[in-house]
1. Report yes if residue 21 is in a strand (DSSP E or B) and either touching a helix residue (DSSP H, G or I) at 6+ places or on another chain (Cβ under 9 Å) or not hydrophobic (A, V, I, L, M, F, W, C) (or both), otherwise no.
2. Return the pairs, sorted by first residue and then second, in which the second residue is assigned to a loop (DSSP other than H, G, I, E, B) and among the charged types (D, E, K, R), the first residue lies in the range 40-63 and is touching a residue at least 24 places away in the same chain (Cβ under 8 Å) and over 17 Å from residue 91 (Cα atoms), the beta carbons are less than 6 Å apart, and the residues are 6+ apart or on different chains.
3. Let me confirm something: among 99, 77, which residue is within 12 Å of the chain's Cα centre (by Cα) and either without any contact (Cβ under 8 Å) to a residue 40 or more places away in the chain or farther than 18 Å from residue 14 by Cβ (or both)?
4. Can you name the number of the only condition in (1) in a strand (DSSP E or B); (2) in contact (Cβ under 8 Å) with a residue 60 or more places away in the chain that residue 90 fails?
Amino acid sequence: MTSALTLERQETLDRFYQGATIKDADQIRSALTDDFTFTSSMGSQDTPDAFVQSLLEFDGTVTDSKMIAEGDNLVHLYVLDIGTKIPMCDVIEFRGDKLASMTLYTDSKLFDPGTTH
């Protein structure tokens, strides 16, 4: 199986994550297919524009980032720091050189400010 991280796909990921960091909607959107979907235990978006909007409204810092790629799939393991450090895992499916879908796995209870861990 070939690696999902071709130069073009790495550039797409870089553009996507940089756009999310600087909150640039056009930069984020340019990395997504027209039928991109996002799924998580905390909500889903069925359109790329809804997903972009949700990213623009979210604050947090990604640390401890590791990626594993195989075929058209990539697993991104990281810690999201929102004042609380939350381990997360995105499973990304590529179509061509763009992100076609993302599924987020995490313990959603860690986002509840009333929960202590």
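Taken together, the values in this text are just the output of simple stated rules run on the coordinates, not laboratory data. Just so it is clear, the structure is predicted and the values come from calculations on it, not from any experiment. Neighbour counts run over all protein chains shown; Cβ positions are idealised from the backbone, glycine included.
1. no
2. From residues that are touching a residue at least 24 places away in the same chain (Cβ under 8 Å) and over 17 Å from residue 91 (Cα atoms), the pairs are 56/23.
3. After applying the criteria, what remains is 77.
4. Among (1) in a strand (DSSP E or B); (2) in contact (Cβ under 8 Å) with a residue 60 or more places away in the chain, the lone unmet condition for residue 90 is (2).
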